[in-house]
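In what follows, a structure is listed as structure tokens, so that the remarks can point back to it.
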Amino acid sequence: MAFRCLRRFWKQLFVIAVPLIFLPLPLLIATKPACCAYVIAVMGVFWLSEVVPMAVVSLLPVILLPLLGVQTSKDVCRNYFKDSVMLFVGSLIVAVAVEESNLHKRMALRVLMLVGSKPRWLMLGFMCISGFLSMWMSNTATTAMITPITEAVVLELFKRKRNGGSTVSAITTAAVSPGSVTGHYLKASAAKSARTSYAMSSLSLNPLLLNGDTHSERDLEHAGYDNVALDEKSAGDAEAGVKRPAEPFSIKDLTPDELHIAKGLVLCVAYAANIGGTATLTGTLPNIVFKGQIDVLYGPATGVNFATFLLYSLPGTVLTLFAAFLWMQWVFIAKCTCRRNRNRNTALEDEDNLRNSVALSQTIRDKYAELGPMGFGETSVLCLFIALVASWMFRSPQFVPGWEIFFPKGYVTDATPAILISFLFFIWPSRLWSSKTDQETTGKVQSAPTILTWKSMKRKFPWDVFLLLGGAIALADGTQASGLTEWLKDQMHHFSVLPPWAIVIVISLLIATVTEFASNGAIATIFLPVLAKLAEVSDVNPLYFMIPATIACSFAFMLPVATPPNAIAFGCGYVKVWDMIKAGAMLNIIAIFLLVVNVHTMGVWVFDLLNKPEWLLAAANGDLSRSAYNLTRGH
């Protein structure tokens, strides 16, 4: 009975036990740094275990820091709406607008039309789409939008005619029920030893799978596979030679080699989203956590903004994406292709493959044609998006004066244009003229609908990420205000014996390993303040340690729990943990190698990482002033 109660209420007991375990820190040591360390320890365990929702854990600084005398409630709460938080909010609203306008769908289908229908080029196309979109949108949202399209293309690519006889040369047309991924296939009576050939179909991709609103794991896992019941008489009819519609073609009907390729295509979307998010400050949570913490620790003089971060990170991101493509196509496509080439019946196989390729290409073109020409709303979203990126790039590009010089120094940041463009989405019309349906229904001209409504914004905006980012910045500010960062700095002198380049490699490998088991946002929050002080002890630029650590937080390719994109790929049902480990282990090593190379090339050029900056001395003087101020107040 007691054991059953423990199993039933273990989460509640865990939440009670963790604060009690760390309670000696504030009770026995009773200093501000110890109290702040207590808050970090409790939040770190809750974040890593995810027993409590991470967004809820992010609210604990508002409770614990004032109660323990580290900061006032007013000082803690203002961290939840810092400049970097508003930058992230603006980028998320833009992502919602892109999704509402279906601009992402048009881009995806257009790229697929360009790359062709061979598996290796489809993989390249999907990785380009996913990587590019995740630069500007949440990598989770990107994966959730692209994965269903990938699954539909996989089924369309490999569907076969269930026939024991000869190859059917004509395209088979069948009725499609709403929500099925493929059409019905005919069974013909023939010798069991005959080869099953590819069948062509004029059917379109599943509208459900191409719907940007379909983001749930259940939809990703089951859409299109379970909606047509099997006919109990089909087996007997097949033996009797009666042609009847068969069950819909699904993943379970793929050959082992085809299934292997399908796994690679799905995984490449998740991996590309993880990699693509590292290119911009707003691309993934660790990047924006880094921006928030670097501003708290050293102020805006570091020169880290959207333009400089993109200039540094983009070459490394492109190289990593290309290296990932080469590795993934070798693991999942090249070996299967070699086996098929050795065992294939060349004449019939080439004919079937050609038909299948033509049918898939036509299907993609048909779906693109269904979108019609770009409307006013879609064009407006694209133009506003380009305007936002341009304003970010040219606000303060460092090598030339930016447009911020027309305003008082320090008053305008990257958050300003982000919120301006977000505001415009709520007032800009999605179409210029009212439709005939509106006029016939009401008898008068309706007001023009806007690109975004608050209803759609509430439905799609990831509020949990917003709170998590605020909690991370509040925690960083608490460590600074309490003096914990200075205490950590004093404890790290023995690490300074290592050469800085070796520390960069160790940091990158360590964080890439740890983030396989925990949220990358939590890892960035915990490690970045420590690494900043380690850099000060080692007498190097703090960005030299913090930037590779931030990027490494996104290099988690081996386990489903590592990142939400990994979990979405795993949730498809046919990707196994071993598949991810097999592909992700070497990909981690490749990504870390390219990261270290990029830090010592682009990082040195953009941020002068190998020299100690002047702003570090200014920040140190600020810390001394703050410490003296606290002493005069009796702290």
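Cβ-Cβ distances below 6 Å connect the following pairs, each with a first residue in region 299-312 that is under 11 Å from PHE394 (Cα atoms), a second residue that is of a type outside the set (Gly, Ala, Ser) and surrounded by fewer than 20 Cβ atoms within 10 Å (Cβ to Cβ), and a separation of six or more residues or different chains: ALA307/MET393; ALA307/PRO397; THR308/GLN398. Residue pairs whose Cβ atoms lie under 8 Å apart, sitting 6 or more positions apart in sequence or on different chains, and linking a residue in region 1-30 that is under 12 Å from ALA41 (Cβ atoms) to a partner that is small (Gly, Ala, Ser), are PHE22/ALA41; LEU25/ALA34; LEU25/ALA37; LEU25/ALA41; PRO26/ALA34.
Taken together, the residues in region 509-533 that are of a type in the set (A, V, I, L, M, F, W, C) and either touching a Phe, Trp or Tyr at 6+ places or on another chain (Cβ under 6 Å) or within 21 Å of THR282 (Cβ to Cβ) (or both) amount to 8.
If you check PRO560 against the conditions, is it in contact (Cβ under 8 Å) with a residue 60 or more places away in the chain and under 30 Å from LEU467 (Cα atoms)? Here the answer is no, as PRO560 does not meet what is asked. Among the helices (runs of 4 or more DSSP H) confined to region 211-330, there are none with at least 2 residues that are at pLDDT 90 or above and in contact with a strand residue (DSSP E or B) (Cβ under 7 Å, 6 or more places away or on another chain). Among the numbered conditions (1) surrounded by fewer than 24 Cβ atoms within 10 Å (Cβ to Cβ); (2) polar (S, T, N, Q); (3) part of a helix (DSSP H, G or I), the only one that ASN611 does not meet is (3).
Among residues that are at pLDDT 80 or above, outside any loop (DSSP other than H, G, I, E, B), over 20 Å from the mean Cα position of the chain (by Cα) and buried (at least 21 other Cβ atoms within 10 Å of the Cβ), LEU112 is included. Counting only helices (runs of 4 or more DSSP H) that sit completely within region 28-71, those holding 1 or more residues that are modelled with pLDDT of 90 or more and touching a Ser or Thr at 6+ places or on another chain (Cβ under 9 Å) correspond to 32-49, 60-67.
The values are calculated or read from the model by the stated rules, or taken from the named source; none is laboratory data. Note that the structure is predicted; figures quoted are calculated from it, not measured. Positions of Cβ are generated from backbone atoms using ideal geometry, with glycine treated the same way; all protein chains shown enter the neighbour counts.
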